[in-house]
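Structure, as structure tokens:
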Amino acid sequence: MHPQRSSTAAHLSRRSFLVGAGAIGAGLALAGCAPQGAGVTEISFYISKPEVIGYFDTLIAKFHKTQSTVRVIRDSTSNLSADFVRNSPPDLGCLNYNFSMVQFVERGALSDLSDMPEAGRINPDITPLVKATADYPGRTSVIPYSLTAASVLYNKDLFAKYGVAIPTTWDELAAAAATFMAAGISPFFNTYKDTWTVAQGLFDYTVGGMIDIPSFFAKLRSEGTSVGSSSRVSFQKDFEAAMARVSQLTSYANKDAASRGYGDGNLAFAQGKSAMYLQGPWALGELAKTNKALNIGTFPLPVTNDPADLKVRVNVDLALWIPEASTKKAAARSFLSYLMRPEIHNAYNADNNAFGTTKDAPPAANPALAGMQKYYDDAAFYLGASQLIPSAIPVANYAQSIALGARPGPVLEQLDGDWSRLALRS
Amino acid sequence: MAVVTNALPGGKARVRGRVDKTYYAFLVPGLVLFTLAITLPALMGIFYSFTNSVGYGQFSFSGVINYIALFSDPTIRGAYGFTIGFALVTVAVVNFVAFLLAIGLTARIRAKVALRAVFVLPMVVSGIVIAYVFNFLFSNSLPAAAGALGFAPLEQSLLANPDLAWVAIVIVTAWQAIPSTILIYIAGILAIPADVYEAAALDGASASRQLRSITVPLTAGYILINVIIGFKNFLNSYDIIVGLTNGGPGTSTTSIAMSIFQGFTNGDYSYQMANATIFFLIALVIAFLQLRVTRGKASA
């Protein structure tokens, strides 16, 4: 060792003493809010919904204040598929539960959560929705966290002004549309330029209002490569009536629907340029940006003449899961339990225009969603057909074609062909 | 080092025309990069086209099923039909317009250099930006103008018409591609010796005769290069279509490159790898064609 250095170390100067004392003090202060030592487990938490990343950052900060053994690192940019391939997936995932999750669930990449008390609190009406998307036998692979319900948004003031009641049958809807058209108001504002708006609105609402979606897709899957004009179920046979409704509904829309997009639609509906708008609760925030005073209500789109057929479109907007490959499952479970605490969980859904997923979830907080509460309570809901068709099939583009005036027959035939070709190769 | 100093001029090795091994060493970095970044991924892609892989996880071999499904898929056939037709039309439009502009920009006119700069400007703007600007023009400005003028056919957006959306894509692609084509034509026209024109003028040839008998034949090599390079580029069209129509209305303007890329995002990896393999073979044929043609011209 260097002689000079050892002599300095031996004599504790006043200056180095102060530095040392300061460091210890700072260390103690840091330990209070950010423990770094032994006994602390760091977990990665994957959340990809861009609108709520900040919301969850706040929740993570709150969680850190309640305990000192688990530190949560939020990740919203990793490539999830690549992470699973590298065997280093996030310890806790909080994602939209749709077709992109199917592979992870069905190949058993997600651990079983059925022994958690939180799993037992889930509303049994919602479990079939989760299983319809993807299921691993004998496991509770995910815990649904947030359910969004979508239907017709309507301008309450315009409905009141022209004395139109909420339509519960197709004929009433047609009469309401006639009333608005006579008054020079576009009944619907449609936005065909953005294909997803056609798929989630016109396409899903008409199909979901007419067809028993779970049974249709179960039969369609068992048909596999033989889906076509001669199979038991097919798009060309079973969707024809719904697509005829799409064509009828397009005649009630704004003239420039073909060149309007989602942003244009939000602006126009917020300005009162149409009485109805086929969008989900995610649009409410955008509408408020233009017109805070807009008086919005919701009702399921009637496509038959039997009010008993009325249903709303739902999707499991967020679901929690812990991968098998996680080495910190216990820590991940403790954060999952924290997120599932009723005061945290219910507040999230109230703040984000969503419905709860537990048996004891309170009614939707936003008054605009009140029109859908009854259907949520009665489990009169369905998963959008466009979300159950694998993304390799451009169903949103096909829906756009029909909205723009293509004959539904050949388009549905192509959809059948796509389905059978996909079944052949996968 | 010792080897290099020994191989001085006049050494036997140099006389026999053998290249010093050091030169080969310089090839190694490029070769390694090319192999790792291009050749290997391409071979892997071809390999995966014979499986049912989704890009990760387990997979099994499926033989030529992807190819069978591919050839019976109307969406894929539509993408090939659209892309090839679009490339042919665009290459014709681009070269015709660019050639005329190049003649104008090489003529004895005022502010020649400034005008050339103006015409070349679209080249420096990114394709996706151009596409979004034109998207707005086609969706809002053009229908509004047509409505004010009472011109019914254009009151509906061109982009929303399944039969005419491709016209809009041709216009925008041409707008972006013309500048680089102009530059090559200007170079070609300026390379023609002035005395040929003088002789023609003395013989009483008119301007149009000079164009037909001198300018066009003497720039034939440039026309050929522009046509082949342009065609190859337009076959790869992606960004402008994404910004204008995103493949729609329906799937009427989905290009081959777009359908291949959708395989990554839609869990259809192996299927679109089969598509990419077919597309690669087509590109290979065009590349050989280009090589043959340009080699002949370069030596002439």
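The table that follows gives values for the structure above.
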read-out	value
Flag if A:R313 is buried (at least 16 other Cβ atoms within 10 Å of the Cβ) and not in a helix (DSSP H, G or I)	yes
Selection count, segment A:95-130, where residues are within 14 Å of chain B (Cβ to nearest Cβ), crowded, with 17+ Cβ neighbours inside 10 Å and in a loop (DSSP other than H, G, I, E, B)	2
B:G243 vs. criteria surrounded by 18 or more Cβ atoms within 10 Å (Cβ to Cβ) and either hydroxyl-bearing (S, T, Y) or in the same structural domain as B:I128 (by TED's automatic domain parsing) (or both)	yes
Residue in segment B:64-73 that is more than 14 Å from every other protein chain (Cβ to nearest Cβ) and either aliphatic (A, V, I, L, M) or in contact (Cβ under 8 Å) with a residue 12 or more places away in the chain (or both) present	no
Flag if A:K289 is out of contact with any Lys or Arg (no Cβ under 8 Å at 6 or more places or on another chain), more than 14 Å from chain B (Cβ to nearest Cβ) and assigned to a helix (DSSP H, G or I)	yes
Close pairs (8 angstrom Cβ cut-off, 6 or more residues apart or separate chains): under 15 Å from A:I122 (Cβ atoms) in segment A:348-364, of a type in the set (K, R) anywhere	A:T358/A:R121; A:K359/A:R121; A:D360/A:R121
Condition broken by A:Y376, with the remaining ones in (1) of a type outside the set (V, I, T); (2) within 30 Å of B:Q272 (Cβ to Cβ); (3) in contact with a strand residue (DSSP E or B) (Cβ under 6 Å, 6 or more places away or on another chain) satisfied	(2)
Some residue of segment A:38-46 being more than 14 Å from chain B (Cβ to nearest Cβ) and modelled with pLDDT under 80	yes
First in segment B:133-157 and in contact (Cβ under 8 Å) with a residue 24 or more places away in the chain and hydrophobic (A, V, I, L, M, F, W, C), second anywhere and part of a helix (DSSP H, G or I) and surrounded by 14 or more Cβ atoms within 10 Å (Cβ to Cβ), Cβ under 7 Å, 6 or more apart	B:F134/B:V172; B:F134/B:L244; B:F138/B:L158; B:F138/B:L159; B:F138/B:A168
Hits in segment A:393-402 - residues which are buried (at least 23 other Cβ atoms within 10 Å of the Cβ) and of a type in the set (A, V, I, L, M)	A:V395, A:A399, A:I402
Residue match in segment A:298-306 (condition: part of a strand (DSSP E or B), in contact (Cβ under 8 Å) with a residue 60 or more places away in the chain, within 18 Å of A:A275 (Cβ to Cβ) and within 21 Å of the chain's Cα centre (by Cα))	yes
Single match in B:G263, B:G243 (criterion: closer than 27 Å to B:T39 by Cα, within 14 Å of another protein chain (Cβ to nearest Cβ) and outside any loop (DSSP other than H, G, I, E, B))	B:G263
Unique residue being under 17 Å from the mean Cα position of the chain (by Cα), part of a helix (DSSP H, G or I) and under 30 Å from B:I76 (Cα atoms) when the list is A:S391, A:S386	A:S386
In segment A:184-201, the residues that are within 14 Å of another protein chain (Cβ to nearest Cβ) and crowded, with 21+ Cβ neighbours inside 10 Å	A:N190, A:T191, A:Y192, A:K193, A:T195, A:T197, A:V198, A:A199
Scan of segment A:319-345 for residues that are among the hydrophobic types (A, V, I, L, M, F, W, C) and either outside the structural domain of A:L369 (by TED's automatic domain parsing) or out of contact with any helix residue (DSSP H, G or I) (no Cβ under 9 Å at 6 or more places or on another chain) (or both), ordered by number	A:A330, A:A331, A:A332
Filter pass, B:G230 being in contact (Cβ under 8 Å) with a residue 40 or more places away in the chain and either within 11 Å of chain A (Cβ to nearest Cβ) or surrounded by fewer than 20 Cβ atoms within 10 Å (Cβ to Cβ) (or both)	no
Check on B:A257, away from chain A (no Cβ under 14 Å) and either in contact with a Gly (Cβ under 9 Å, 6 or more places away or on another chain) or over 23 Å from A:A399 (Cα atoms) (or both)	no
Scope segment B:12-50; condition of a type in the set (S, T, Y), outside any helix (DSSP H, G or I) and either more than 23 Å from B:F261 (Cα to Cα) or modelled with pLDDT under 90 (or both); matching residues	none
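The values are calculated or read from the model by the stated rules, or taken from the named source; none is laboratory data. Since the structure is predicted, the reported quantities are computational estimates derived from the model, not experimental observations. Cβ: placed from backbone, ideal geometry, glycine included. Neighbour counts: every protein chain shown.
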